[in-house]
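Trainee: Supplied in structure tokens, the structure appears directly below.
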Amino acid sequence: MKFALPLCTLVLLAACQRDNATHMPGDTGLALATSAQSKDSLILLKDSLLATRQRQLSEQSALLGDAANSARLATEINTTLSKVRNLQVPKDVEAKESAVSTATAELETVHAKVDALVKRLDASEARVRRMRRDSTSLAGTMASQLRDYEQSIAGLRASVEQQREEISLLTQRVDSIATANTILVARGDSLAASNRAMAAREDSVFVAIGTEDELAAKGIVRREGGTMWFFGRGKTMVPGRAPDMSAFKVLSKQGDLSVALPRGDKEYAIVSRHDLAYTESAGAKAARIKGTLRITDPQRFWSPSKYLILVER
């Protein structure tokens, strides 16, 4: 409809020119040339108007496609945000870490969709501006459609801004949950390490083996009791009060049930309070051990002390 008036005007103008040319007395080739030029101008104008109309229809079709895709993206964004918004934080540390990872991935995805939606809205606005530039006198229907497009784009932009704000808030929430979970994991690791260290300390036992002189020099054994009249005779060998701890070898109470003695041709006596009844040497003559000390009940054997002292005889 918007092209009807210009086309009618041009058709009447061309008809008048043809009538003038027909009834003009003394017609020459100049009149025919003028008529042909007018016809060519009319054709060019018509082609230009049709091209403009075609371009507008193409832009309008692209706008409709953009609107549909933009609406789809906005719906997808809202759906994903709803999932993150309703994030349930489990008490289990591993489950919580998995939930946080999922929420973080979904927020990254929705952020990319928001960027894509903004670019699509920018493209739609550019199309509307081109359509307005191409049409100096828009028909009422087309002008109304363009206004509708602009309002729709403005509404989607407002929605996108709200979604951006919600993404920011949800990201902060997920980050805070992740931070809290990291702290819990660290505390759990620290507690586990502490428990392992405690278990290791509980399982650790210590053995010192050597001659009396060697052990006495390190403060591991000493003699006490007896009388001065018998030159120290009658004194009993007992564990030292300030032993050199570096002289003890660390063993596992549950794992090391056999203690190899340094010299196979020598016998060794236990100076500490450990009972041979809980070893394979139970009932050994004079409580002496030779070769290897084999422990049969580690819990009872080590209960008097964690420090075993064996003196070579």
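Trainee: Residues that are under 27 Å from Arg223 (Cβ atoms) and over 51 Å from the mean Cα position of the chain (by Cα): list the strands (runs of 3 or more DSSP E) wholly contained in segment 254-313 that include at least 2 such residues. Full working, then the answer.
Mentor: Working: elements: 258-260, 267-270, 288-290, 292-294, 307-312.
Counting at least 2 such residues, we get 267-270, 288-290, 307-312.
Trainee: Filter segment 125-162 for residues that are polar (S, T, N, Q) and at pLDDT below 80; which is farthest from the chain's Cα centre (by Cα)? Steps first, please.
Mentor: Filtering segment 125-162 for residues polar (S, T, N, Q) gives 135-137, 141, 144-145, 151-152, 159, 162.
Next, from what is left, pick out any that are at pLDDT below 80: 135-137, 141, 144-145.
Values: Ser135: 52, Thr136: 54, Ser137: 56, Thr141: 52, Ser144: 48, Gln145: 46 Å.
Top of the filtered list is Ser137.
Trainee: While we're here: Those residues that are of a type in the set (Val, Ile, Thr) and either touching a Phe, Trp or Tyr at 6+ places or on another chain (Cβ under 6 Å) or loosely packed, with under 12 Cβ neighbours inside 10 Å (or both), I need them from segment 196-223; list them, please. Full working, then the answer.
Mentor: So in segment 196-223, the residues of a type in the set (Val, Ile, Thr) come out as 205, 207, 209, 211, 220-221.
Matches in segment 196-223: Val205 only.
The values are calculated or read from the model by the stated rules, or taken from the named source; none is laboratory data. On a predicted model such as this, the values are computed, not experimentally measured, just so you know. Ideal geometry is used to build each Cβ from the backbone, glycine not excepted, and the neighbour counts take in all protein chains shown.
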